[in-house]
Structures are given as C-alpha cells and as structure tokens.
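Engineer: Following this message is one structure expressed as structure tokens.
The values are calculated or read from the model by the stated rules, or taken from the named source; none is laboratory data. Remember, it's a predicted structure, so these values are computed and weren't measured experimentally. All Cβ positions, even for glycine, are placed from backbone atoms using ideal geometry, and neighbour counts span all protein chains on display. Quick note on the areas: whole protein, heavy atoms, side chains included, nothing else; ligands and nucleic acids left out. Shrake-Rupley method; radii C 1.70, N 1.55, O 1.52, S 1.80 Å.
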Amino acid sequence: MELLHLRYFVAVAQELNFSTAARKLHMAASPLSRRIKDLENELGHRLFDRDTHHVRLTPAGSALLPIARGVLEQVDSIQWRLDETARPRRTTLLLGVPTGVHPDLRERMDALAERVGDRFEIKRWPGGTERLVDAVCDGRLALTLARLPAGGDPALDLLPVMSERLGAVLPRDRFAGRESVALAELGDLAYAGSPTAVTNAYFRGLDQQLAELGIRKRIELGSATFEGISEIVSSGLAFSISMLDARSPVQNYRLDNVTVLPFSDFHPRLETGLLWRKDRAQGGDLEEVVAAAREIFAVPLRA
C-alpha cells in the first residue's frame with residue numbers, strides 16, 4: 001500500500017464523487033477509480049458503494065477514513081516537526097488587545113514582539129477590557145492592553161501607554177460646517193453608549209457623568225455593534241462618544257451621514273494601560289518581556 005492510495009481514498013471519501021475528487025487531485029477520474037480498486041483489492045474490502053448516481057462509503061470505508069486521515073496527518077507533519085526541533089525553543093505568550101486599539105499602539109506591540117522574538121512568540125488575543133484583565137489574573141494571558149480604570153487587583157502592575165481625546169459622534173447633516181459642539185446643544189438627542197462588547201468601567205462612568213451634566217435621554221441597543229450605533233446616529237436619533245483621531249480604527253465604522261466633533265465644554269479622554277501580574281514579572285517567567293515593554297512603552301502616547 002502506498003501513501004498515494006490513502007490520499008486518493010480520502011479525497012474520494014470527502015467528495016463522494018470521483019470526478020470532483022479527480023479534479024482536486026489534478027488527475028483523470030478513470031485512473032483514480034483504478035487506484036481505489038487496487039486499494040480495495042489489497043485490503044480485501046470494498047470501500048465504496050457506487051452506482052450511476054451516488055457514491056457512498058461502506059462500513060469498511062467508514063472505518064478506514066479516520067485511520068487514513070491520521071496516517072496522512074502524521075506524514076504531512078514530518079517537515080514542520082523537524083523544523084520545530086531544529087529551531088530554538090520559543091515560548092508562546094498571549095497579549096490581550098481590546099477593540100479599537102490605536103495604530104500607534106499596534107506599532108509598539110510589533111516592536112515588543114520583535115524585541116523578545118528570539119525567546120518568545122507573542123500572539124494577540126482580542127476581547128473586552130474586563131474579560132482580558134480577568135484572563136491576566138488567572139494566567140491565561142501574559143499581558144493585556146486595557147481601557148482604564150481596569151482591574152484594581154493589587155497583584156497586577158499597570159503601565160499607562162496612551163491617552164486618546166474623545167469627541168461627539170453626530171449626524172453630519174445637522175452639524176454641517178461645525179468645528180465643535182457643546183453638550184447643551186445635544187439635549188434633544190439620546191445618548192447611545194458604547195457597544196456591549198467594549199463597555200467597561202470607563203464608559204459606565206462616562207454615562208453617569210453625562211447624566212450629571214444634563215444628558216438624560218438614552219437609547220439602549222443591547223448587543224449593538226459600532227455599525228449599529230452609527231446607524232442610529234446617522235438617522236438623527238442619537239449621538240455617541242468615540243475617539244477623535246482620524247487614524248483610530250473605530251473611524252472605519254462611520255457612515256456617510258456621521259461626523260465626529262470635539263466638545264467645546266467637555267473634555268473626555270480614554271486612557272489605555274498595559275497590565276501584567278507582578279509575580280510573573282519580578283523574577284518570574286515574564287521578567288524579560290516586561291522589562292522590554294517598560295522600555296518600549298515608557299513614554300505614553302497622546303492622540
């Protein structure tokens with residue numbers, strides 16, 4: 001029995017069509033059918049029931065399929081297993097990344113990954129701030145970027161890395177030609193908060209602050225996305241608050257009839273920090289990574 005026979009068998013078993021399987025194998029259907037017959041003769045079992053309209057696995061074929069796949073997976077993994085053995089061992093670390101991270105922060109994450117790349121492979125893990133911080137606490141993530149305030153756990157260390165100015169997300173046709181807006185001008189619009197997936201302590205606090213400043217109307221969108229909030233704003237029913245910087249990835253969710261203006265009488269900022277567990281940094285497995293991060297993120301960015 002040759003490996004090619006097993007590859008032919010798996011291809012036909014997946015497609016249950018000799019012509020389709022032959023095209024994927026870059027061969028004609030007739031020689032493929034002969035190879036399957038050869039395999040059946042060698043094994044002493046019929047592997048397929050065939051008629052003019054259907055191809056079905058026999059019980060023997062169904063039993064062979066997982067065995068054949070396992071053999072092929074083992075063979076196909078030989079090259080990368082040898083490569084892994086030959087290259088220096090690296091530890092994989094997960095770095096949490098909340099939604100809408102500024103591209104300048106991504107550049108610093110790239111720099112960190114490159115700095116420690118000989119010993120560590122840093123992979124990014126998306127999520128909401130609170131879940132990411134919990135994952136750092138229980139060790140599932142090595143570090144995380146987080147929207148502040150976050151955590152509060154004395155076991156965590158925090159390095160501020162960025163401060164972003166926020167503005168009002170507004171229906172463009174109503175505020176055309178404007179360079180700023182006052183909160184008092186938004187009293188007839190409802191406030192649509194951040195998407196559920198990114199809501200955290202900061203945005204809950206922002207909601208309360210707006211209420212204290214006279215913005216009382218709310219639109220609850222449940223599991224809304226950035227696109228959903230943009231739809232509500234575009235229709236003229238609400239305003240929202242988001243990053244002002246045109247390079248923020250959140251800007252990609254804006255619809256045509258949506259604009260973002262700075263406030264003239266309100267100056268919110270979204271702070272982002274890098275968090276890790278102290279015990280993993282001080283003489284622990286992350287000591288080298290945290291030292292590099294402290295250097296790369298030493299000066300907090302502003303946008």
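Engineer: Along the positive direction of the dipole of the chain (beta-carbon charges: Lys, Arg +1; Asp, Glu -1; about the Cα centre), which of Ala111, Tyr253, Ile78 reaches farthest?
Structural biologist: Projecting each Cα onto the dipole axis, the largest value belongs to Ile78.
Engineer: With the dipole of region 1-58 worked out from charges on the C-beta (+1 for Lys and Arg, -1 for Asp and Glu) around the Cα centre, which of His26, His53, Ile36 lies farthest toward the positive end?
Structural biologist: Positive-end residue among those listed: His26.
Engineer: Compare Arg277, Arg90, Arg34 in a GNM of the chain, Cα atoms joined below 10 Å, and give the one with the largest fluctuation.
Structural biologist: Arg34
Engineer: A further question follows. Could you tell me the extents of region 122-175's C-alpha atoms along the three principal axes, largest first, rounded to whole Å?
Structural biologist: 49, 22, 18
Engineer: Which one of Phe297, Leu166, Val97 is farthest out on the positive end of the charge dipole of the chain, using unit charges on Cβ (Lys, Arg +1; Asp, Glu -1) and the Cα centre as origin?
Structural biologist: The listed residue farthest towards the positive side: Val97.
Engineer: Rank by packing, highest mean first: peptides 70-79, 35-44, 229-238, with packing defined as the count of other Cβ atoms within 10 Å averaged across residues.
Structural biologist: Order by mean packing, descending: 229-238, 35-44, 70-79.
Engineer: Need the full-extension length gain, Arg46 to Gln79, defined as separation in residues times 0.36 nm minus the C-alpha distance. One decimal, nm.
Structural biologist: 8.6 nm
Engineer: Related question: Based on the mean of other Cβ atoms within 10 Å per residue, sort peptides 152-164, 204-216 so the most packed one is first.
Structural biologist: 152-164, 204-216
Engineer: Hey, if we sort His26, His54 by accessible area with the 1.4 Å probe, largest down, what's the order?
Structural biologist: His26, His54
Engineer: Starting from the Cα-Cα distance between Leu255 and Cys137, subtract it from 0.36 nm times their residue separation and give me the gain in nm to one decimal.
Structural biologist: 38.7 nm
Engineer: In deg cm²/dmol, rounded to 500, what helix-only [θ] at 222 nm does the chain give when every DSSP H run of at least 4 residues adds -39500 (n - 2.57) and the total is split over its residues?
Structural biologist: Result for the chain, helices only: -12000 deg cm²/dmol.
Engineer: Now a separate question. So for region 214-289, Kirkwood radius off the Cα pairs, Stokes-Einstein at 25 °C and 0.890 mPa s: how many µm² s⁻¹?
Structural biologist: Rounded to a whole number, D works out at 156 µm²/s.
Engineer: Where a Cα-Cα gap under 17 Å defines reach, which aspartates and glutamates qualify for Lys24, not counting those fewer than 8 residues away within the same chain?
Structural biologist: Glu15
Engineer: Between Leu237 and Glu121, with labels modelled 7 Å along Cα→Cβ, what's the label distance in nm to one decimal, could you check?
Structural biologist: 4.6 nm
Engineer: How are the Cα pair distances of region 160-303 distributed, in percent, across 10 Å bins from 0?
Structural biologist: 11, 37, 29, 14, 9, 1
Engineer: A follow-up question, please. Cα extents of the chain along the three principal axes, largest first, in whole Å?
Structural biologist: For the chain, the Cα spread along each principal axis is 84, 54, 29 Å.
Engineer: Nearest 20 debye, what's the magnitude of the dipole of region 235-295 about its Cα centre given +1 on Lys and Arg Cβ and -1 on Asp and Glu Cβ?
Structural biologist: It works out to roughly 120 debye.
Engineer: Just to check, using Stokes-Einstein with a Kirkwood Rh over alpha carbon pairs, what's the diffusion coefficient of region 76-134 at 4 °C and 1.567 mPa s in µm²/s?
Structural biologist: 97 µm²/s
Engineer: Using the Kirkwood formula over every pair of different C-alpha atoms, what hydrodynamic radius in Å results for region 1-136?
Structural biologist: For region 1-136, the Kirkwood estimate is 19.1 Å.
Engineer: I've got another one for you. Which of the lysines could a cross-linker bridge to Lys278, judged by Cα under 20 Å and excluding same-chain residues fewer than eight apart?
Structural biologist: Partners found: none.
Engineer: About its Cα centre, how strong a charge dipole does the chain have in debye, to the nearest 20, once Lys and Arg get +1 and Asp and Glu get -1 at the Cβ?
Structural biologist: That gives a dipole near 560 debye.
Engineer: Report the net charge of residues surrounding Glu15, where surrounding means a beta-carbon distance below 11 angstrom and charges are Lys +1, Arg +1, Asp -1, Glu -1.
Structural biologist: Taking every Cβ under 11 Å from that of Glu15, the sum is +2.
Engineer: Right, another one. Kyte-Doolittle cut-off 0.0, length cut-off 15 Å along the helix's own axis using Cα: show which whole DSSP H helices in the chain pass.
Structural biologist: Helices meeting the span and hydropathy rule in the chain are 3-15, 59-76.
Engineer: Send over the semi-axes of region 103-240's equivalent ellipsoid, whole angstrom and largest first, taken as the square roots of 5 times the C-alpha gyration tensor eigenvalues.
Structural biologist: Ellipsoid semi-axes (Å, largest first): 34, 17, 14.
Engineer: Please give the contour-minus-distance gain from Ala246 to Leu213: 0.36 nm per residue of separation, less the Cα-Cα distance, rounded to one decimal in nm.
Structural biologist: Here the segment from Ala246 to Leu213 would lengthen by 9.2 nm.
Engineer: Points 7 angstrom from Cα along the Cβ direction at His54 and Leu16: gap in nanometres?
Structural biologist: 0.8 nm
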